[in-house]
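Novice: Structure below; questions to follow.
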Number of protein chains: 2
Amino acid sequence: MIVRDFNEIVKNERDRVVNDAKWSSVRMLLAQDGMGFSFHITFLEAGSEHTFEYKNHFESVYCMQGSGSITDLATGETHAIRPGVMYALDKHDRHTLRADEELVMACCFNPPVTGTEVHREDGSYAPAEEAVEA
Amino acid sequence: MIVRDFNEIVKNERDRVVNDAKWSSVRMLLAQDGMGFSFHITFLEAGSEHTFEYKNHFESVYCMQGSGSITDLATGETHAIRPGVMYALDKHDRHTLRADEELVMACCFNPPVTGTEVHREDGSYAPAEEAVEA
């Protein structure tokens, strides 16, 4: 059994905290944990906007705090994001996420991320095998 | 893209809400969503105690609200559960979870549950193929 505490990680395990442009992510579970998915608590800064397209991953995102919106760039449809709303990128959907207030999200990735990925220009993460080699 | 609202599900999609002995679970994502994992928001009643052993699944559980404890029945070790603590049953660990206050948990299952499983006497869910047949 793995037991981890978000608050301990933030204080003492900074290698599990990834910061990028106006977002940060606390990696509670990664590929090496052997669960077959990864699990992150991710913060998006108030006023920020992010376009991602996880061509090589499925991701679900559950809003725990904050408010914003998500636009599906294939359909143009926009959905409000507030606590309790989840979106799931079952078609690797290219999307734009906006944080009106800071968003705090619980995210699951399949396949799991290794923690070393960076967003590529197209908004994706590399497939798992490339990430491991990186 | 799938978008679902916990609050709408609780009001209008009761087939996504599973109630059992002193716990209930809102199934935000299930096997048929094709994400390769399922995602549930699960409530455990204050004062309740639960022994589970997911022999056929990996599960991670992130505490969003409440307080309690978990005992790993293989080692006897007990860990406090409070907001921010996550446990992951990477060895299909048999465990007892206690809610001192009501616990609200974000749970991921791999393989995903179908929503029709019931806990068997040994605290497990049937493997996916049996659950589908059930």
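Novice: Among the residues of segment B:8-36, write down those that are closer than 16 Å to residue B:111 by Cβ and open to solvent by 20 Å² or more (accessible area, probe 1.4 Å).
Specialist: Scanning segment B:8-36 gives B:31, B:32, B:33, B:34, B:36.
Novice: Checking residue B:92 against (1) of a type outside the set (Asp, Glu); (2) open to solvent by less than 10 Å² (accessible area, probe 1.4 Å); (3) in contact with a His (Cβ under 9 Å, 6 or more places away or on another chain), only one condition comes out false. Which one?
Specialist: Single failed check for residue B:92: (2).
Novice: Would you check if there is a residue in segment A:80-90 being in contact with a Cys (Cβ under 9 Å, 6 or more places away or on another chain) and on the phi > 0 side of the Ramachandran plot?
Specialist: yes
Novice: For segment B:37-51, enumerate the residues that are touching a Leu at 6+ places or on another chain (Cβ under 9 Å), open to solvent by 30 Å² or more (accessible area, probe 1.4 Å) and not charged (D, E, K, R).
Specialist: B:43, B:46, B:51
Novice: Restricting to segment B:1-27, count the residues that are of a type in the set (S, T, N, Q) and closer than 27 Å to residue B:49 by Cβ.
Specialist: Residues that pass the stated criteria total 3.
Conditions tested, residue by residue: (1) more than 10 Å from chain B (Cβ to nearest Cβ); (2) within 21 Å of residue B:62 (Cα to Cα).
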site: A:70; (1), (2): no, no
site: A:79; (1), (2): no, no
site: A:97; (1), (2): yes, no
site: A:109; (1), (2): no, yes
site: A:112; (1), (2): no, yes
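Novice: Does any residue of segment B:6-20 turn out to be at the interface with chain A (Cβ under 7 Å from one of its Cβ atoms) and among the aliphatic types (A, V, I, L, M)?
Specialist: Looking for residues that are at the interface with chain A (Cβ under 7 Å from one of its Cβ atoms) and among the aliphatic types (A, V, I, L, M), one finds none in segment B:6-20, hence no.
Novice: Right, something else. Residues to consider are A:80, A:74, A:106; find the one that is in a loop (DSSP other than H, G, I, E, B) and either surrounded by 21 or more Cβ atoms within 10 Å (Cβ to Cβ) or free of Cβ contacts under 8 Å to residues at least 40 places away in the same chain (or both). Explain how you work it out, then say what you get.
Specialist: Numbers: A:80 fails: in a loop (DSSP other than H, G, I, E, B); A:106 fails: in a loop (DSSP other than H, G, I, E, B).
Going through A:80, A:74, A:106 in turn, just one is in a loop (DSSP other than H, G, I, E, B) and either surrounded by 21 or more Cβ atoms within 10 Å (Cβ to Cβ) or free of Cβ contacts under 8 Å to residues at least 40 places away in the same chain (or both): A:74.
Novice: I've got another one for you. Assuming residue B:117 fulfils every condition listed in (1) touching a His at 6+ places or on another chain (Cβ under 6 Å); (2) modelled with pLDDT under 95 apart from one, which condition is it?
Specialist: Here residue B:117 meets the rest and fails (1).
Novice: While we're here: So, in segment A:32-63, of the ones that are assigned to a strand (DSSP E or B) and charged (D, E, K, R), which residue ends up nearest to the other protein chains (Cβ to nearest Cβ)?
Specialist: Going through the qualifying residues, I end up with A:59.
Novice: Open to solvent by less than 10 Å² (accessible area, probe 1.4 Å) and part of a strand (DSSP E or B): is that true of residue A:87 in this structure? First the steps, then the outcome.
Specialist: On the way: open to solvent by less than 10 Å² (accessible area, probe 1.4 Å): yes; part of a strand (DSSP E or B): yes.
Against the criterion (open to solvent by less than 10 Å² (accessible area, probe 1.4 Å) and part of a strand (DSSP E or B)), residue A:87 qualifies.
Novice: Another question, if that's okay. Considering only residues that are charged (D, E, K, R) and part of a loop (DSSP other than H, G, I, E, B), which ones fall in segment B:1-31? Let's see the steps before the verdict.
Specialist: Taking segment B:1-31 first, the residues charged (D, E, K, R) are B:4-5, B:8, B:11, B:13-16, B:20, B:22, B:27.
Result: B:13, B:22.
The values are calculated or read from the model by the stated rules, or taken from the named source; none is laboratory data. Treat the numbers as computed from the prediction; the structure is a model and nothing was measured. All Cβ positions, glycine included, derive from the backbone under ideal geometry; neighbour counts span all protein chains shown. We work out accessible area using only protein heavy atoms, side chains counted, and drop any ligands, DNA or RNA first. Shrake-Rupley method; radii C 1.70, N 1.55, O 1.52, S 1.80 Å.
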